Amino acid sequence: MWFFILPAVIPYALFVLVPSMQGVWLSFTDWNLLDPVATFIGAENYVAFLDDPDAMRAFGNTVFLVVSTVVLENAIGLGLALGIHSKIKSRAVLRLIFFAPVIIVTVVIGFLWRFILLENGPFNQILEAVGLGAFAQSWLGNPETALGAIAVMTVWQFSGYTMVIYLANLQEVPAEQLEAASLDGAGASRRFWYVVRPLLGPSITVNVVLSTIRGLMIFDIIWVTTQGGPANLTNSLSTLIYRNAFQFQEFGYSLSIAVALSALVAIASMFQYGVLTRKKK
């Protein structure tokens with residue numbers, strides 16, 4: 001029977017497993033692309049990664065983006081799903097509007113938000129129009145606000161994605177249980193907490209895991225809007241990998257960060273999946 005899985009296994013091995021194993025091997029070398037000979041240097045790249053202040057700052061930025069986007073995307077997505085799941089007449093149009101950012105290319109979203117957040121852009125003009133001009137600033141040029149602005153862009157783009165998954169789960173909640181809870185005098189908040197919330201386990205698991213993976217691998221929105229600036233303060237691990245590999249030609253070092261990031265994604269995903277599915281049981 002193993003013969004029938006060869007058409008799937010051979011391409012997977014050639015294009016995924018072999019390059020991945022080669023990348024792990026090269027992360028233990030001083031490969032810089034300019035020198036065709038890659039010399040084995042042990043764990044020096046990994047030690048340099050731990051001692052690199054830029055790498056540790058990028059790690060902290062990545063953790064901040066993961067935590068903020070996971071919490072906000074799921075809170076906003078669930079709120080939108082609950083609102084649209086009601087009997088309002090415009091729910092089909094609202095569903096389309098909220099999901100629209102998901103299908104827009106991230107590069108386009110980056111350029112759009114970069115224009116909105118310019119120092120003389122629409123957002124600052126609105127602040128000045130409503131008497132809040134004192135808060136107007138270069139949101140992507142200020143080190144104190146740039147990373148938060150990137151988190152807002154990511155949440156804006158993917159909240160509609162989490163909404164759709166929660167909405168699909170909400171449609172499976174038995175109407176009889178909600179009606180019985182209403183007859184027992186339960187209000188909207190109690191019906192949600194005691195009837196709806198326990199049934200949302202599958203969608204919570206999927207959304208949290210996907211949001212975490214997106215946050216850990218975030219690259220394009222940062223590169224389009226700030227390119228890791230100002231002063232390298234908004235680099236994530238993914239942008240740091242790109243910068244070290246293609247700007248500084250340090251491929252061996254970049255591969256060590258990539259291997260560490262891959263391990264982090266795998267561990268975080270397995271941990272979250274294990275915790276969330278255990279609670280479900």
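The values are calculated or read from the model by the stated rules, or taken from the named source; none is laboratory data. All values derive from a computational prediction rather than experimental measurement. Here the Cβ is made from the backbone with ideal geometry for all residues, glycine too, and neighbour counts use every protein chain on show. Heavy atoms of the whole protein, side chains included, go into the accessibility calculation; ligands, DNA and RNA do not. Shrake-Rupley method; radii C 1.70, N 1.55, O 1.52, S 1.80 Å.
Annotations
- Of all residues in region 227-281, those satisfying the criterion of being free of Cβ contacts under 8 Å to residues at least 40 places away in the same chain, of a type in the set (Val, Ile, Thr) and closer than 18 Å to Thr62 by Cα are Ile241, Ile267.
- Matching entry among Arg114, Arg95 (being modelled with pLDDT of 90 or more and among the basic types (Lys, Arg)): Arg114
- Residue, modelled with the lowest pLDDT, within region 198-249, restricted to residues that are assigned to a loop (DSSP other than H, G, I, E, B) and among the aromatic types (Phe, Trp, Tyr): Phe248
- Selection status of Phe15, under 16 Å from Leu261 (Cα atoms), among the aromatic types (Phe, Trp, Tyr), open to solvent by 40 Å² or more (accessible area, probe 1.4 Å) and at pLDDT 90 or above: no
- Selection from region 101-115 of residues that are touching a residue at least 24 places away in the same chain (Cβ under 8 Å) and either open to solvent by 90 Å² or more (accessible area, probe 1.4 Å) or within 16 Å of the chain's Cα centre (by Cα) (or both): Pro101, Val102, Ile104, Thr106, Val107, Ile109, Gly110, Phe111, Arg114
- Helices (runs of 4 or more DSSP H) enclosed by region 3-100 - at least 1 residues per element that are among the aromatic types (Phe, Trp, Tyr) and in contact (Cβ under 8 Å) with a residue 24 or more places away in the chain: 44-51, 53-84
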